Every structure is written in structure tokens, then in C-alpha cells.
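J.: To start, I am sharing the structure in question, which I have written as C-alpha cells.
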Amino acid sequence: MQEELYRRFSPRMYAVCLRYATSSEEAEDILQEGFIKIFKKLSSYRGDGSFEGWIRRVFVNTAIEHFRRRKYLQPVTEKEENTIEGKFLSVLDHLGEKDILDLVRQLSPGYRTVFNMYVVEGYTHKEIGDMLGISEGTSKSQLSRAKVILQDMVKKHIEQNEVKAKP
């Protein structure tokens with residue numbers, strides 16, 4: 001049974017782990033931790049919602065716990081936060097999903113974790129703060145700073161690709 005669960009869900013859960021990890025080795029560690037929890041907690045699944053959704057939540061929480069043990073957060077000022085919002089989404093329109101994921105993976109662990117939790121997983125800043133043991137404001141500032149850094153990386157990526165495309 002455990003082998004079947006691993007074969008069926010490991011590729012998708014590894015992708016979840018990669019979004020939070022700084023390296024493939026770290027993602028593999030999170031994947032292993034997550035499956036150990038799944039195997040230990042399998043009897044606690046009550047059938048509320050999809051089984052894959054339950055597994056995904058365990059992996060997200062495992063990645064967050066892994067992150068929390070390392071405390072990678074960096075402060076951002078309110079002034080920096082207020083300059084970010086408008087430009088961010090239009091810049092991302094120029095990239096494919098794989099490019100965006102590669103750029104997100106380059107963020108520092110603190111920025112990447114909050115970005116993933118808010119943008120990908122859909123948590124609120126309050127939920128993120130509670131889960132990571134930080135304030136709601138810190139969560140907001142981490143997201144804002146991640147957006148600024150991503151925006152700069154996207155611009156550089158686009159410029160590099162335009163230079164390569166020229167004859």
C-alpha cells in the first residue's frame with residue numbers, strides 16, 4: 001500500500017516540495033518527511049475532501065515546517081511595499097509557467113515560501129503569519145519584496161532572451 005501511494009503521488013508532491021525548497025536535495029528531504037507523515041497519519045484521513053488534497057496539505061505543511069526551522073525572513077519597509085503592486089502582474093505575462101517557476105525557485109527561502117503560500121496555495125496573510133510564526137505585516141512585506149525581486153528577474157530574463165534572439 002505504501003509503495004503504491006508513493007508511486008502514485010510522489011511526482012506531484014515532489015513538484016510541491018520543489019516550490020518551497022532551495023535545491024532538489026532539500027525537496028527530496030521534504031518529500032521523504034512528507035511521506036513518513038502520510039504513512040503515519042493515513043488512518044486520520046476522514047474522507048472530508050479529496051484524498052489528494054489531504055496529501056497535498058500534509059506536504060505543504062511539511063515544507064512550511066522545514067522552512068520554519070530555518071527562519072529565512074527578511075524585513076521590507078512599507079515604502080518598498082507600496083511601490084510594487086502595479087507593475088508585477090503585467091511583467092509576468094511575458095513568461096511561460098516553467099520560466100516563472102524557475103525564477104520563483106531563485107528567490108530566497110523566506111520570500112519563496114511566503115510567495116508560494118499566498119500566490120500558489122491561496123493562504124491569507126493572517127494564515128501565513130500563524131503558520132510561520134510571523135506577523136501579518138511581515139507576511140505582506142515578504143510577499144511585496146518577493147514581487148520586486150521577481151519583477152527584476154523577469155525583466156533581466158526578457159532582456160537576455162531579446163539579446164539572444166537578435167541576429
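The values are calculated or read from the model by the stated rules, or taken from the named source; none is laboratory data. In this text the structure is predicted, and so the values were computed from the model without any measurement. Cβ coordinates were reconstructed from backbone atoms using ideal geometry, including for glycine residues, and neighbour counts include every protein chain displayed.
J.: Looking only at the stretch 3-24, count how many residues are under 16 Å from the mean Cα position of the chain (by Cα) and either among the charged types (D, E, K, R) or not in a helix (DSSP H, G or I) (or both).
T.: Count: 5.
J.: Next question, about the same structure. Between Ser44, Ser90, which is modelled with pLDDT under 75, hydroxyl-bearing (Ser, Thr, Tyr), over 19 Å from the mean Cα position of the chain (by Cα) and loosely packed, with under 13 Cβ neighbours inside 10 Å?
T.: Ser90
J.: I've got another one for you. Of the residues that make up the stretch 32-40, is at least one closer than 22 Å to Arg68 by Cβ, surrounded by 11 or more Cβ atoms within 10 Å (Cβ to Cβ), at pLDDT below 90 and aromatic (Phe, Trp, Tyr)?
T.: No, the stretch 32-40 contains no residue that is closer than 22 Å to Arg68 by Cβ, surrounded by 11 or more Cβ atoms within 10 Å (Cβ to Cβ), at pLDDT below 90 and aromatic (Phe, Trp, Tyr).
J.: Does any residue of the stretch 63-70 turn out to be modelled with pLDDT under 75 and either part of a helix (DSSP H, G or I) or surrounded by 15 or more Cβ atoms within 10 Å (Cβ to Cβ) (or both)?
T.: yes
Rundown of residues vs (1) loosely packed, with under 12 Cβ neighbours inside 10 Å; (2) under 24 Å from Ala15 (Cα atoms); (3) at pLDDT below 90; (4) of a type outside the set (Lys, Arg), yes/no style:
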| position | (1), (2), (3), (4) |
| --- | --- |
| Leu95 | no, yes, yes, yes |
| Ile100 | no, yes, yes, yes |
| Pro109 | no, yes, yes, yes |
| Phe115 | no, yes, no, yes |
| Val119 | no, yes, yes, yes |
| Glu159 | yes, no, yes, yes |
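J.: Across the stretch 121-139, what is the number of residues that are in a helix (DSSP H, G or I) and surrounded by 15 or more Cβ atoms within 10 Å (Cβ to Cβ)?
T.: Within the stretch 121-139, residues that are in a helix (DSSP H, G or I) and surrounded by 15 or more Cβ atoms within 10 Å (Cβ to Cβ) number 8.
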